[in-house]
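Below is one structure, written out as structure tokens; comments come after it.
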Amino acid sequence: MLWVPLITGLAIVLVVIQTQLREINKPWAVLASTAFIAVTALLFLPHLAQVTAVLNSLSAKAGVDSFYTAPILKAIAIVYVTSFGSEVCRDADENAMAVVVELAGKVVIVMIALPVVEAILTAVLAILG
């Protein structure tokens, strides 16, 4: 829990530095921002692995097949990656690229969800006869 104030403080310091750096050399400002995000994400990967393990354990105890839980975890991962990519694009003032990254993430999430939707519809149609 102590990571949050530390990362927030570092982010604020980096934002102050970046306001000056953007005036001097914008590509370096974007690179510094991207590096900060990447390092922060790498620091939290072990924690995300713990969350995934707990969710898998809970679904196993509840008797829920991984066929249903795996797409949820994949979608969450895609949301994080897409958010990271689109924010980096926006930081570089490439809004059109950010929209394309977000669209790609949404399309992939729909593709991941299709087998689950198909299974649910098949079950509903079997019940209805």
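The values are calculated or read from the model by the stated rules, or taken from the named source; none is laboratory data. Here the structure is a predicted model, which is why all the values come from computation and not from measurement. Quick reminder, even Gly has a Cβ in these numbers, built from the backbone with ideal geometry, and neighbours come from all protein chains shown.
Of note:
- Within the stretch 89-123, the residues that satisfy the criterion of being hydrophobic (A, V, I, L, M, F, W, C) and touching a residue at least 24 places away in the same chain (Cβ under 8 Å) are 92, 108, 109, 112, 113, 116, 119.
- Some residue of the stretch 90-113 being among the β-branched types (Val, Ile, Thr), at pLDDT below 90 and either surrounded by 13 or more Cβ atoms within 10 Å (Cβ to Cβ) or part of a helix (DSSP H, G or I) (or both): no
- Qualifying positions in the stretch 57-89 - hydroxyl-bearing (Ser, Thr, Tyr), under 29 Å from residue 33 (Cα atoms) and buried (at least 17 other Cβ atoms within 10 Å of the Cβ): 82, 86
- Counting the residues of the stretch 1-39 that are under 21 Å from residue 77 (Cα atoms) and either surrounded by fewer than 15 Cβ atoms within 10 Å (Cβ to Cβ) or in contact (Cβ under 8 Å) with a residue 40 or more places away in the chain (or both) gives 8.
- Some residue of the stretch 75-94 being under 30 Å from residue 119 (Cβ atoms) and touching a Cys at 6+ places or on another chain (Cβ under 8 Å): no
Okay, residues lined up against (1) under 15 Å from residue 88 (Cβ atoms); (2) not β-branched (Val, Ile, Thr):
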site	(1), (2)
4	no, no
11	yes, yes
17	no, no
21	no, yes
24	no, no
33	yes, yes
44	no, yes
48	no, yes
53	no, yes
